[in-house]
Amino acid sequence: MQLDPDKVAVFSGIGCSGKTPHYINAYGFHTLHGRVLTVATGARLANTKQTVLALGGDGDGYGIGAGYFVGTGRRNVDFAYIVHNNNVYGLTKGQASPTLAKGKKTKSMPEQSIQDGINPVAMAIASGYTFIARAYALEPKYTAAIIARAIEHRGAALVDVLQTCPTYNDLYTKEWYEGADLPEKRSRLYKLEDQGFDGKVKDPTDKQEIIAKKSAAVARSYEDEPIPIGVYYEIDLPTYEDEVFRRIPDLKETPLVEQDAFERDVDPLLEAMR
């Protein structure tokens, strides 16, 4: 993509994925547990000339951060959110994350999971994300292409990256995804585009098309063997920034980070409050 590192800011939550900014040649910010989307939103609105990336784990983003996940989708802020989905809380030694299905038990758990797992794709559809995709970490070229599309998309983009946790998750391993235990030795993954699936909304004003595309995306997201990867849903809509620019046109040319807030005369405001 040839992005200028000086114009890219990468934000991460807490967990194993939280160290990702340490390995990327860009500005990095390690935030609080579950709050990466709020910090990334603030950074994006303060400087709309920079590319913002948010990263986190499934526990960080779909658990404690679930409320912020919904809010980010509603606003349609223009940045990509990449979630490392391995079904466990890796940093705190392998507890069940919100995506682990009910009845499943990894080697780090004393008993089976007592709760149902959430569906990140369906949750993103309901929240208003305008680009929703899923990838598999051990197919790096395909994953990189999906992430590039998410970055290029104007609006809130989610990439749910399925990945293994060699330390704590002995259920969803590299061999499991490859289908090594199946008689036909077939992969438990398939690419949506290979079956002719197209989640792109062609006419954003056509409510029926939007409903049909969302319904198709949700239906595919519940398939578990094989699991679909690729772009589930995409639509071009005005971003949160677009709406802000309509109200405050000056921000489009001069973002907040370039304005001198210390030189403003607040006396009229104070006088009005007397």
Open item on the list: Being under 19 Å from residue 152 (Cβ atoms) and not aliphatic (A, V, I, L, M) is true for just one of 73, 34, 61. Which residue is that?
Closed with: 73
Task: Residue within segment 140-161 that is more than 19 Å from residue 216 (Cβ to Cβ), at pLDDT 95 or above, crowded, with 19+ Cβ neighbours inside 10 Å and hydroxyl-bearing (Ser, Thr, Tyr) present - done: yes
- [ ] Go over the candidates 38, 51, 92 one by one and state the one that is more than 17 Å from residue 151 (Cβ to Cβ), surrounded by fewer than 22 Cβ atoms within 10 Å (Cβ to Cβ) and in contact with a helix residue (DSSP H, G or I) (Cβ under 7 Å, 6 or more places away or on another chain).
- [x] 38
Task: Any hit, segment 62-76, residues being in contact (Cβ under 8 Å) with a residue 40 or more places away in the chain, of a type in the set (D, E, K, R) and in a loop (DSSP other than H, G, I, E, B) - done: no
Task: segment 116-150, residues that are touching an Asp or Glu at 6+ places or on another chain (Cβ under 9 Å), under 15 Å from residue 234 (Cα atoms) and assigned to a loop (DSSP other than H, G, I, E, B) - done: 130
TODO: Could you please let me know if residue 59 is more than 20 Å from residue 143 (Cα to Cα) and surrounded by 24 or more Cβ atoms within 10 Å (Cβ to Cβ)?
DONE: yes
TODO: Have a look at 252, 202 and point out the one that is surrounded by 10 or more Cβ atoms within 10 Å (Cβ to Cβ), assigned to a loop (DSSP other than H, G, I, E, B) and at pLDDT 90 or above.
DONE: 202
- [ ] Only residues that are surrounded by 16 or more Cβ atoms within 10 Å (Cβ to Cβ), under 25 Å from residue 2 (Cβ atoms) and not aromatic (Phe, Trp, Tyr): list them for segment 18-32, please.
- [x] 20, 21, 26, 28
Task: Test: residue in segment 15-33 that is farther than 18 Å from residue 255 by Cβ, out of contact with any helix residue (DSSP H, G or I) (no Cβ under 6 Å at 6 or more places or on another chain), of a type in the set (Lys, Arg) and not in a loop (DSSP other than H, G, I, E, B) - done: yes
Open item on the list: Among (1) under 24 Å from residue 211 (Cα atoms); (2) in a loop (DSSP other than H, G, I, E, B), there is one condition residue 113 misses while meeting the rest; what is its number?
Closed with: (1)
Open item on the list: The conditions are (1) among the charged types (D, E, K, R); (2) under 20 Å from the mean Cα position of the chain (by Cα); (3) loosely packed, with under 10 Cβ neighbours inside 10 Å, and residue 214 fails exactly one of them. Which is it?
Closed with: (3)
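The values are calculated or read from the model by the stated rules, or taken from the named source; none is laboratory data. Treat the numbers as computed from the prediction; the structure is a model and nothing was measured. Because the Cβ atoms are built from the backbone with ideal geometry, glycine has one as well, and the counts that use them run over all protein chains shown.
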